[in-house]
Amino acid sequence: AQSVSQHNHHVILSEAASLELGCNYSYGGTVNLFWYVQYPGQHLQLLLKYFSGDPLVKGIKGFEAEFIKSKFSFNLRKPSVQWSDTAEYFCAVNARGNTGKLIFGQGTTLQVKP
Amino acid sequence: KAGVTQTPRYLIKTRGQQVTLSCSPISGHRSVSWYQQTPGQGLQFLFEYFSETQRNKGNFPGRFSGRQFSNSRSEMNVSTLELGDSALYLCASSYGVSQETQYFGPGTRLLVL
């Protein structure tokens, strides 16, 4: 069965610090990969996605992620976080050809101190 | 384009009752997926409907059911509510073809007393 694991449950950073959130998935076939963000009081929004091609993908608000197929990983990075990045971040995967079923990681709560 | 809308936004029910939640997808989207979000279990997939047919199903009991109408609007129903059904229920829509992004609604927060 598919599963997604996020290594960090709660991360606290100061503004301008660099961010890396880990995500590993378990699935034997071809997958699509996503990072979603949920700001306080708001609904889930797409940060970035990987379908194919260049394994380094860039998303909104300066976020990027790298797909490493051999490690089944899709880690999220941002060189310099801002207070407004305080939110919950979810890694998700679906099987190619089965796009209606997203499997989510447990989420990482990021708190950025001003 | 208007986003995914869900009604009602908040709901309080008692154990044993049933509830129906509604989701209107983005115009042109034919796939609607439902998820349950709780602090303990996180985001879990319930089911997906595409062109009025259930295409995928998660590991939830039969008390959870859904349907989709010809205009792609979807409803989910939970019968015989239990305390553990208290959660945020999210709906997401997409065109339903390969290599797609799901767009989420604001959710319906259900409290079962």
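The values are calculated or read from the model by the stated rules, or taken from the named source; none is laboratory data. Because the structure is predicted, anything quoted here is derived from the model rather than measured. A quick note on method: Cβ atoms are made from the backbone with ideal geometry, for glycine too, and the neighbour counts reach across all protein chains shown. Surface areas here come from the heavy atoms of the whole protein model, side chains and all, with no ligands, DNA or RNA. Shrake-Rupley method; radii C 1.70, N 1.55, O 1.52, S 1.80 Å.
Brief remarks follow.
- Looking across region B:1-26, the residues that are modelled with pLDDT under 95 and either open to solvent by 70 Å² or more (accessible area, probe 1.4 Å) or more than 9 Å from every other protein chain (Cβ to nearest Cβ) (or both) come down to B:Lys1, B:Ala2.
- Whenever a residue of region B:66-90 is under 17 Å from B:Val4 (Cα atoms), its partners that are basic (Lys, Arg), lying with C-beta atoms within less than 9 angstrom and at least six residues away or across chains, give the pairs B:Gln68/B:Arg30; B:Ser72/B:Arg30; B:Ser74/B:Arg67; B:Glu75/B:Arg67; B:Met76/B:Arg67; B:Leu88/B:Arg109; B:Tyr89/B:Arg109.
- Subset tally (residues that are under 14 Å from B:Gly84 (Cβ atoms) and hydroxyl-bearing (Ser, Thr, Tyr)) for region B:51-67: 0
- The residues on offer are A:Tyr50, A:Tyr36, and the sole one that is over 20 Å from A:Pro79 (Cβ atoms) and of a type in the set (Phe, Trp, Tyr) is A:Tyr36.
- Candidate set: region B:34-64, residues that are farther than 24 Å from A:Phe34 by Cα and touching a Phe, Trp or Tyr at 6+ places or on another chain (Cβ under 8 Å); chosen: the one least open to solvent (accessible area, probe 1.4 Å): B:Phe64
- Complete set of residues in region B:35-48 that are more than 8 Å from chain A (Cβ to nearest Cβ) and hydroxyl-bearing (Ser, Thr, Tyr): B:Thr38
- With respect to being within 14 Å of another protein chain (Cβ to nearest Cβ), open to solvent by 10 Å² or more (accessible area, probe 1.4 Å) and within 28 Å of A:Val4 (Cα to Cα), B:Leu83 falls outside the description.
- On the stretch given as region A:69-114, residues that are within 12 Å of chain B (Cβ to nearest Cβ), among the small types (Gly, Ala, Ser) and either without any contact (Cβ under 8 Å) to a residue 24 or more places away in the chain or open to solvent by 50 Å² or more (accessible area, probe 1.4 Å) (or both) total 2.
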